[in-house]
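Here the structure is laid out as structure tokens; the discussion comes afterwards.
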2 protein chains.
Amino acid sequence: MRTDGLADNEFNMTEGTQKDPLVLFMPSGKRGRFPVGTPVLEAARKLGVYVESVCGGRATCGRCQVVVQEGNFAKHKIVSSNDHITARGPKEERYDRVRGLPEGRRLSCSAEILGDLVIDVPQDTVVNAQVVRKAATDRVIERNSAVQLCYVEIEEPDMHKPLGDLDRLKLMIEQDWGFKDLLIAPHLIPQVQGILRKGNWGVTAAIHRDMDSSRPFIVALYPGLKNEAYGIACDIGSTTIAMHLVSLLSGRIVGSTGTSNPQIRFGEDLMSRVSYVMMNPDGREAMTIAVREAINGLIGKVCEEGGVDRTDILDMVFVANPIMHHLFLGIDPTELGMAPFALAVSGALQYWAHDIDIQVNRGARVYLLPCIAGHVGADAAGATLSEGPYRQDKMMLLVDVGTNAEIMLGNRARVVAASSPTGPAFEGAEISSGQRAAPGAIERVRIDPVTLEPKYRVIGVDQWSDEDGFEEAAASVGVTGICGSAIIEVVAEMYLSGIISEDGVVDGAMAATSHRIIATGRTFSYLLRDGEQRITVTQNDVRAIQLAKAALYAGIKLLMEKQGVEKVDQIRFAGAFGSFIDPKYAMVLGLIPDCDLTEVKAVGNAAGTGALMALLNRDHRREIEKQVSKIEKIETALEPHFQQLFIDAMAMPNKVDAFPELAKVVTLPERKVVTSGGGDEGGGRRRRRDRG
Amino acid sequence: MRTDGLADNEFNMTEGTQKDPLVLFMPSGKRGRFPVGTPVLEAARKLGVYVESVCGGRATCGRCQVVVQEGNFAKHKIVSSNDHITARGPKEERYDRVRGLPEGRRLSCSAEILGDLVIDVPQDTVVNAQVVRKAATDRVIERNSAVQLCYVEIEEPDMHKPLGDLDRLKLMIEQDWGFKDLLIAPHLIPQVQGILRKGNWGVTAAIHRDMDSSRPFIVALYPGLKNEAYGIACDIGSTTIAMHLVSLLSGRIVGSTGTSNPQIRFGEDLMSRVSYVMMNPDGREAMTIAVREAINGLIGKVCEEGGVDRTDILDMVFVANPIMHHLFLGIDPTELGMAPFALAVSGALQYWAHDIDIQVNRGARVYLLPCIAGHVGADAAGATLSEGPYRQDKMMLLVDVGTNAEIMLGNRARVVAASSPTGPAFEGAEISSGQRAAPGAIERVRIDPVTLEPKYRVIGVDQWSDEDGFEEAAASVGVTGICGSAIIEVVAEMYLSGIISEDGVVDGAMAATSHRIIATGRTFSYLLRDGEQRITVTQNDVRAIQLAKAALYAGIKLLMEKQGVEKVDQIRFAGAFGSFIDPKYAMVLGLIPDCDLTEVKAVGNAAGTGALMALLNRDHRREIEKQVSKIEKIETALEPHFQQLFIDAMAMPNKVDAFPELAKVVTLPERKVVTSGGGDEGGGRRRRRDRG
């Protein structure tokens, strides 16, 4: 621990003597002393502050822009002023004339230190981008991308020194940029001479610094100065493929898009796709082609959106669940469809994009995050990287709900992970009126606990169902079903209004007093919407949600037992499901354990955010590789205790002592004594009203 | 220097104590002491003696066979006996039953040391293989190939340990064979699970240990035990492509073949092929496809010869002159056609064979030796590796004559290299009666110095021309011209018999006394064969040979000046030309400097031999890469002195003091005073007869 009130990373070995000016770089907080006349870029380099530069200090690329902060930074004992830096010189003036240099911006390769300075290195914020119901969160990712653009000017060939053109290029890159033992993508070898001559012996090499060989690699080569390179971060979900296109030099997201996973035509959920492979000799290949084509299509779309040529994409990071991961890579996922759920490969992987048919720059690289286990994939690794339970002391529960729920629980000391077989009920499948989130789907539900009358909202309609103009608007889109998030809400509201017991039984006795409770065979249903297309919540629907929530909750409880904790400090819901459900209802139903509701957050497509982090900063790749190797995977199927936890989790939470945080925001029904279980028992019970 | 009479490599750090048995391995001479009971294989490993083993000591692969030498090896103070090793155990008996173990052979993984031993590690000799007039010399190459086959048995997947199948395979290879940070060829990733299951969790991984990444790489994977892998060494000559197929495990050459380079249809010599590229937009591609197809065809042929499946080829080494090198790799050679003769790349290169369209195993690798300069290619590097001037103290002259002569001169201290523009005369081009070495070509010539009558041999005819039955036999093949080697002989014989002066002028005065000297325009010719198809050696032919030999000799002299030597200790003629000329005649004509004729040797396709060495022992790759970086390239075109050396070299050698070694074997004509130069002066000279 430091005693001077600075964090460890705010200090760095000082260069020069105590008489030299002190320079502090923000936001990294690194600082050091440098002799008068030192270029700001050189000072940044010496401190390990990441300032981009392509032209190597020639003041032509404009990538090394910084801003001088003026003022008295008493905390750091620095008075910073524009007088403490050289005035704009001829190089900066020339750059300003040619390409424009905004007021206040300086080229750090040309501006020299004259006195104490606080220098701001602009970081392009990764903006919040909505991607087909998956969103990257607001976040600043410090850049240290795998690809660096390096401009060099090489000597012309000389008969006295018969070294090849490529060999001289490598030597010059080593000399100017310090990259030793450079390799080059084979497809570039025939192009080297032409590019060197076209650039009149000045070329920009794109150096990939994160090859699995650990040697720097020339992956692209351009005549003259090339000032931009792009990357792709992509999450291949079973249902949706989401993608960001990012500038590798500024970190700016220039396009985000998504599309349905075309593999859906082979099977709605993961296991039906595995079955398809097992039943069809060409099934694996067809699905591999389908997903790669979809990704190539998305790249085209996102490039169009960003005005980017797809050949300017040099690096890519993918996350996916294990089955999507395997199918994307052309690996038969059959082993993942049955115990022991053997992954073909679990570690992080690298490819040439070309080798897996991704059409971007011929030298582009692909990085896939590691998989944690057979049911906890690279997407879970991405979410873990994004939310970083291992970076904090608080005990974080990170849940990504899909057909399987991937659950991570832990903190700095230890992270455990499990996959729980929730089935597709949360996604609206196996629900009688369930449907995808699309216009016409009910997305919000409230039930009056006295009258049992519902009100609801429909996607594509502005009004609630009890507001003026609703029916007219609803008629134009058609009210067709209930989407996943509303299923949670309606069942939770049915529970809170006493329509179902804590055991999930629809109270048939209410049929006598409310037309909303209707008999359907030997069980009862709740009539959410009457009319031409009746929308009901049946006893079976409630059972499906109960089973799903019990699976999730049992998985969470198992991990809490493994961690030896009775309460979690934070809950993070990743994925589309998490983004649209109300955490309160999730807790009412008992999907998640009790937790301070202000600490329960939806984090959108955390897997995609993790991919973005690994794209923009290669250190994050090493970070998640290391973490994944440490995460303890708990296999629920092998835990004898899991079955009991599952049975226990079938009931709704209703004890204030077990859910004190929840009890602060809703009134839970008291526990009722149920004479016998089963969905066919509805009559003979007293209805309790706890809310008025 | 050692004082015990052993070379440095005959000694190694002893293991164990002085009481432990002493084990000496031959032919490496490495020795050490090991406790009784140590398996011989383990002893070899500890001493760094290369003994192959695929099965990892399971006594199933049979690759680790050794022979115990019996006797008193007084020089090494060892009495070796079969009593000093355990008797054949059940494992060896089983191997003998299943696959056969020759008498005297032991499996070193099973045989244990009981007392002092001299162990012979059998080395398959690289045999002398005739390859379309290019021959690999007899030579034992110590094996240390880039590819190692490693059998492992891995644990079945386990839900408690969710590591992927590939990841567990890597761990087991690391554990059993010591390879860390293993990478895998991407195309294998989808195959891993199937291969592991087919092999019932026992697989053989082919590990490539010479990837440019410096990390060991799984390039092929086989279910169960795989006991053999092959490599290709190939020399891509302008005229001929020659190839060896070799077992990477035993070093045995299982096939050798060659074919004409199909690029000949685009241009006979190198420069005409460069011109073709410059004139035809698709020329480069057409020639690249042609040479790759020819190589693929040759691989099929050599595999058929050896009874080998081409997918068992895992490693390949290529040498070629710079223009062939570039065309093979798809690089436009135009820059090599004009000053400054810039190579696109000079360093050693590695590829996936697949990336350059070579059809062998999908994971096979290709290694290309480095080029020395724009006219001194990877073939010259191969010849240098083969003959190794840098490995000795003697001053070696290494000459590879083609359209250009590539010349290396040096020893341990320093090697210099040059290319000299000899033109195609030595190959029979530009010679009026010149032709390729084929049936019907005159290949040997003698001229009677008194009568001036010739006798000669013709390819395809057993008799000399003055022997009975010659004309009958000759009539059946037809005598059509003079091949390259005979051109040298006939001009040398013309000089020795006084028909031409030391300045190369055909003595027209002789026409008066011999019908063999005939006037052709203003100059004279020698009539070698009369009849339907007259074969003559014209004044222009002599001039062409003179120019070629002057270029070669001037290049050699330049290098001798650079080295500061007046005499070379050894001369090595590489290539087809060198294999068929008589060194004596080469010296008579002054192609090469004076040298003890017993030290002048033709070494056949030394470039190909170098490729073979680099294939069988990866240390040779590092060796030649290091040497090439040290070789000093002399550009004759930039040497002001070269022109004078060239003019001086036009005359034939005739001074005994300059050619004392030559004078021991032939009587050189004395120097005559020539009144004026030029081919049109034949008369008015006295003919001197020095031989009778």
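Assorted remarks:
- Any hit, segment B:219-236, residues being of a type outside the set (A, V, I, L, M), within 13 Å of chain A (Cβ to nearest Cβ) and closer than 29 Å to residue B:294 by Cα: no
- Under the condition of being in contact with a strand residue (DSSP E or B) (Cβ under 8 Å, 6 or more places away or on another chain), touching a residue at least 24 places away in the same chain (Cβ under 8 Å) and acidic (Asp, Glu), the residues counted in segment B:56-93 number 1.
- Cβ-Cβ under 6 Å pairs, at least 6 apart or on other chains, segment B:248-266 side closer than 16 Å to residue B:320 by Cα, far side at pLDDT below 90 and of a type outside the set (S, T, N, Q): B:258/B:131; B:258/B:132
- Scanning segment A:198-218 for residues that are more than 26 Å from the chain's Cα centre (by Cα), aromatic (Phe, Trp, Tyr) and either within 11 Å of chain B (Cβ to nearest Cβ) or in a strand (DSSP E or B) (or both) turns up at least one hit.
- Residue match in segment B:391-400 (condition: touching a residue at least 12 places away in the same chain (Cβ under 8 Å) and part of a helix (DSSP H, G or I)): yes
- Residue check, residue B:535 out of contact with any helix residue (DSSP H, G or I) (no Cβ under 9 Å at 6 or more places or on another chain), at pLDDT 90 or above and not basic (Lys, Arg): yes
- Restricting segment B:318-357 to residues that are surrounded by 24 or more Cβ atoms within 10 Å (Cβ to Cβ) and among the polar types (S, T, N, Q), the residue that is farthest from the other protein chains (Cβ to nearest Cβ): B:321
- When residues of segment B:358-384 are limited to those that are part of a loop (DSSP other than H, G, I, E, B) and under 21 Å from the mean Cα position of the chain (by Cα), the one farthest from the other protein chains (Cβ to nearest Cβ): B:369
- Residues in segment B:288-308 that are in a helix (DSSP H, G or I) and aliphatic (A, V, I, L, M) were compared, and the one that is farthest from residue B:265 (Cα to Cα) is B:302.
- Test: residue B:277 is outside any helix (DSSP H, G or I), crowded, with 17+ Cβ neighbours inside 10 Å and either among the aliphatic types (A, V, I, L, M) or in contact with a helix residue (DSSP H, G or I) (Cβ under 9 Å, 6 or more places away or on another chain) (or both): no
- In this structure, residue B:167 does satisfy being touching a Ser or Thr at 6+ places or on another chain (Cβ under 7 Å), of a type outside the set (A, V, I, L, M, F, W, C) and not in a strand (DSSP E or B).
- Options B:555, B:564; residue that is under 19 Å from residue B:389 (Cβ atoms) and either in contact with a Gly (Cβ under 7 Å, 6 or more places away or on another chain) or surrounded by 21 or more Cβ atoms within 10 Å (Cβ to Cβ) (or both): B:555
- Extreme residue, nearest to the other protein chains (Cβ to nearest Cβ), among residues of segment B:178-197 that are in a helix (DSSP H, G or I) and touching a residue at least 60 places away in the same chain (Cβ under 8 Å): B:187
- Filter result for residue A:504 (on the phi > 0 side of the Ramachandran plot, touching a residue at least 60 places away in the same chain (Cβ under 8 Å) and either within 37 Å of the chain's Cα centre (by Cα) or crowded, with 18+ Cβ neighbours inside 10 Å (or both)): yes
- Scanning segment B:406-416 for residues that are touching a Phe, Trp or Tyr at 6+ places or on another chain (Cβ under 8 Å) and part of a strand (DSSP E or B) turns up B:410, B:411, B:415.
- Any hit, segment B:414-431, residues being more than 19 Å from the chain's Cα centre (by Cα), farther than 30 Å from residue B:248 by Cα, more than 14 Å from every other protein chain (Cβ to nearest Cβ) and modelled with pLDDT of 95 or more: yes
- Residue in segment A:580-587 that is small (Gly, Ala, Ser), farther than 15 Å from residue A:420 by Cβ and not in a loop (DSSP other than H, G, I, E, B) present: no
- Taking the criterion of being part of a helix (DSSP H, G or I) and not hydrophobic (A, V, I, L, M, F, W, C), the residues of segment B:504-541 that qualify are B:508, B:539, B:540, B:541.
- The residues in segment A:71-81 that are in a helix (DSSP H, G or I) and surrounded by fewer than 16 Cβ atoms within 10 Å (Cβ to Cβ) can be counted, and the count is 2.
- Output for segment B:606-652, where each listed residue is within 14 Å of chain A (Cβ to nearest Cβ), of a type in the set (D, E, K, R) and buried (at least 19 other Cβ atoms within 10 Å of the Cβ): B:633, B:635
The values are calculated or read from the model by the stated rules, or taken from the named source; none is laboratory data. Remember, it's a predicted structure, so these values are computed and weren't measured experimentally. Ideal geometry is used to build each Cβ from the backbone, glycine not excepted, and the neighbour counts take in all protein chains shown.
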